[in-house]
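So the structure is just underneath, and the comments pick up after that.
The values are calculated or read from the model by the stated rules, or taken from the named source; none is laboratory data. Treat the numbers as computed from the prediction; the structure is a model and nothing was measured. A quick note on method: Cβ atoms are made from the backbone with ideal geometry, for glycine too, and the neighbour counts reach across all protein chains shown.
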Amino acid sequence: MTTHDDSLDEVIATYDVVVIGGGPAGTTISSLLSEKGWSVCLLEKAHHPRFHIGESLLPMNMPILERLGVLDKVAGIGIKKYAAEFNSPVTAPEQDIFYFAKAADKSFPFAYEVRRSEFDELLFRNCKDKGVKAFEGITVNRVDLDQAVKKVWASDETGASTAFHCQYVVDASGRDTFLSKKLNTKKKNPDHQMAAIFGHFHQVERRTGSDEGNISIYWFEHGWMWLIPLKDGMMSAGCVCWPEYLKTRDKPLNEFLQHTLFLLPEVADRFKNASLAGDAQATGNYSYSASRMAGDGYLLIGDAYAFVDPVFSSGVYLAMQGAVKGADYVDTVLKDSSQQVQLASTLQLSMQKEISAFCWFIYRFNSPALHKLLMSSDEKRLHPVKQKMKSAVISVLAGDAGNQQIKFYLNLFKGLYYFSILFDFKRHWRFMLFRRGQNRVQVDV
Ligand SMILES: Cc1cc2nc3c(=O)[nH]c(=O)nc-3n(C[C@H](O)[C@H](O)[C@H](O)COP(=O)(O)OP(=O)(O)OC[C@H]3O[C@@H](n4cnc5c(N)ncnc54)[C@H](O)[C@@H]3O)c2cc1C
């Protein structure tokens, strides 16, 4: 319903739910709430297709895409990713491949690598088809959550303003973190402050056969690198670095990215005929979360709620999974708000559990102990117990950390990690001191 209020001299539109941001989180929750019968308005400041980083999906994204009815379309724009390949210049063997078919749940043995411009546009058009009033080129500037009727003010590119009235506001504004900044609930993660530089490249050597779509992850002395093959022959490549290294930048970002990729001989070899397509980009202010995921009449999902290092390609999965859980929560609360406080705390705990399953590995990823433990020898010669531990780790990497079948072997793996620290405590201690020092380094990228 849309009316005109002369006293405010702006258009007023009324919906059950207003969603800020049309990325994977915002489009998913909009589609699901519309399916449940609520009137939903989605406001996106950019125009699709627009560039976005975060191209590697996880197997557990697949059931969500299926539920949204877009799995076939995603298959059309994506390249199949059967595994995550880890490479280290200092371990023997130097490479280990984690095939998703070896996870505890065999139902989703692959995911897709996608161009986010295409993927996000597809999700956006899909939610329009499901009845969501989805607008592009509309930026949300202000919200008022104090009254029973929530108000959201947004403007288009001409500056014309609209006030949206609703019962519920969902913030899915990504790393802009619109609401947590306004509510002053955003907290930087003091233990994990790295930053990323990245770009798209032509003519990077790809893996062959069914391994072509695998993501390649490389440890190197200043952090880690990713290579994500895209369907059109392009390669997305990036380096997630310690702040101290980024402070040494003495050349333009394009050159610095290429220089950094060439620090590893194996990567340099894959890039010998490569050229950068467009400009390199950088992202700082790395990990954070909001202290509250939901309150009276509002919910934060995806990167608007929390962001963790993307080494395990968890971002899009967590954004969409948060949206799935968030849709059930908003639906319940709109029908009966009496349980809101308790339901909000249950929802936040459940998302924190999902996030921390990745974080255990992320925070230790650069530690010598985990580094060594992840890189196992010839698969067939692995002890059956070690095979089960590896399968448990693969399940986490697939986005299936909640699977009860893996609990025992995952805990065993973690126990082995702590045990191995005891045997190499001095090295571990040096790493901890190094990391603590890095977290204090300020860098503008
Ligand atoms: C370097 C790097 C590498 C990554 N690699 C991966 C990866 O390989 N795999 C993976 O799964 N994840 C990866 N991620 C994470 C992934 O990009 C995000 O987790 C994911 O995009 C989150 O989705 P979202 O919908 O929450 O936010 P977004 O995708 O960022 O969408 C938010 C949307 O909100 C819009 N918006 C913002 N403010 C407003 C406003 N005021 N009004 C209206 N609209 C607004 C934005 O324009 C945007 O379209 C990576 C992240 C980084 C930084």
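In segment 327-340, is there at least one residue being in contact (Cβ under 8 Å) with a residue 60 or more places away in the chain and within 30 Å of ILE228 (Cα to Cα)? Within segment 327-340, none of the residues are in contact (Cβ under 8 Å) with a residue 60 or more places away in the chain and within 30 Å of ILE228 (Cα to Cα).
For GLU212, state whether it is over 30 Å from THR139 (Cα atoms), touching a Pro at 6+ places or on another chain (Cβ under 7 Å) and part of a helix (DSSP H, G or I).
Against the criterion (over 30 Å from THR139 (Cα atoms), touching a Pro at 6+ places or on another chain (Cβ under 7 Å) and part of a helix (DSSP H, G or I)), GLU212 qualifies.
Taken as a whole, the structure leaves GLY131 outside the set of residues that are at positive phi, in contact (Cβ under 8 Å) with a residue 60 or more places away in the chain and within 15 Å of the ligand (Cβ to nearest atom). Tell me, which residue of segment 23-69 that is surrounded by fewer than 17 Cβ atoms within 10 Å (Cβ to Cβ) and free of Cβ contacts under 8 Å to residues at least 60 places away in the same chain is nearest to the ligand (Cβ to nearest atom)? So the residue we want is PRO63. Among the conditions (1) under 23 Å from the mean Cα position of the chain (by Cα); (2) under 24 Å from ALA92 (Cα atoms); (3) not in a strand (DSSP E or B), ILE217 misses just one, which is (3). When GLY233 is tested against (1) without any contact (Cβ under 8 Å) to a residue 60 or more places away in the chain; (2) in contact with a helix residue (DSSP H, G or I) (Cβ under 7 Å, 6 or more places away or on another chain); (3) among the small types (Gly, Ala, Ser), only condition (2) is not met.
With the requirement that a residue be basic (Lys, Arg) and away from the ligand (no atom under 15 Å from the Cβ), what does segment 101-127 give you? Give the steps one after another, and end with the answer.
Here is the first cut: in segment 101-127, the ones basic (Lys, Arg) are 102, 106, 115-116, 125.
Within segment 101-127, LYS102, LYS106 meet the criteria.
Here is a yes/no grid of residues against (1) at pLDDT below 95; (2) crowded, with 19+ Cβ neighbours inside 10 Å; (3) over 27 Å from VAL324 (Cβ atoms):
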{"position": "GLU221", "(1), (2), (3)": "yes, no, yes"}
{"position": "MET225", "(1), (2), (3)": "no, yes, yes"}
{"position": "LYS231", "(1), (2), (3)": "no, no, no"}
{"position": "VAL240", "(1), (2), (3)": "yes, yes, yes"}
{"position": "THR248", "(1), (2), (3)": "yes, no, yes"}
{"position": "LEU253", "(1), (2), (3)": "no, no, yes"}
{"position": "PHE271", "(1), (2), (3)": "no, yes, yes"}
{"position": "THR283", "(1), (2), (3)": "yes, no, no"}
{"position": "SER287", "(1), (2), (3)": "yes, yes, no"}
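For residues that are in contact with a strand residue (DSSP E or B) (Cβ under 7 Å, 6 or more places away or on another chain) and small (Gly, Ala, Ser), scanning just segment 76-100, find the one that is farthest from the ligand (Cβ to nearest atom). Across segment 76-100, the extreme among qualifying residues is SER88. Restricting the first member to segment 248-271 and to residues that are free of Cβ contacts under 8 Å to residues at least 24 places away in the same chain and in a helix (DSSP H, G or I), and the second to residues that are surrounded by fewer than 16 Cβ atoms within 10 Å (Cβ to Cβ) and not charged (D, E, K, R), the beta-carbon pairs closer than 6 Å and six or more apart or on different chains are ALA268/PHE262.
When segment 161-178 is filtered for residues that are acidic (Asp, Glu) and assigned to a strand (DSSP E or B), only ASP171 remains.
Here segment 367-406 is the region considered, the condition is being charged (D, E, K, R) and modelled with pLDDT of 90 or more, and the residue that is surrounded by the fewest Cβ atoms within 10 Å (Cβ to Cβ) is LYS388.
Working carefully through the options GLY322, GLY297, GLY284, find the one that is on the phi > 0 side of the Ramachandran plot and in contact (Cβ under 8 Å) with a residue 12 or more places away in the chain.
On the way: GLY322 fails: on the phi > 0 side of the Ramachandran plot; GLY284 fails: on the phi > 0 side of the Ramachandran plot.
GLY297 is the lone residue from the list that is on the phi > 0 side of the Ramachandran plot and in contact (Cβ under 8 Å) with a residue 12 or more places away in the chain.
Selection within segment 174-185: residues that are touching a residue at least 24 places away in the same chain (Cβ under 8 Å) and either hydrophobic (A, V, I, L, M, F, W, C) or closer than 20 Å to ASP146 by Cβ (or both). The member of this set that is surrounded by the most Cβ atoms within 10 Å (Cβ to Cβ) is LEU179.
Kindly indicate whether any position in segment 179-201 is in contact with an Asp or Glu (Cβ under 6 Å, 6 or more places away or on another chain), of a type in the set (Gly, Ala, Ser) and either assigned to a strand (DSSP E or B) or within 10 Å of the ligand (Cβ to nearest atom) (or both). No: segment 179-201 contains no residue that is in contact with an Asp or Glu (Cβ under 6 Å, 6 or more places away or on another chain), of a type in the set (Gly, Ala, Ser) and either assigned to a strand (DSSP E or B) or within 10 Å of the ligand (Cβ to nearest atom) (or both). Take the residues of segment 70-84 that are buried (at least 17 other Cβ atoms within 10 Å of the Cβ) and in contact (Cβ under 8 Å) with a residue 60 or more places away in the chain: which is farthest from ARG206 (Cα to Cα)? If we take residues in segment 70-84 being buried (at least 17 other Cβ atoms within 10 Å of the Cβ) and in contact (Cβ under 8 Å) with a residue 60 or more places away in the chain, then ILE77 is farthest from ARG206 (Cα to Cα). Do the conditions hold for ALA103, that is, is it surrounded by 20 or more Cβ atoms within 10 Å (Cβ to Cβ), at pLDDT 95 or above, closer than 28 Å to ASN403 by Cβ and out of contact with any Pro (no Cβ under 6 Å at 6 or more places or on another chain)? Yes, satisfied.
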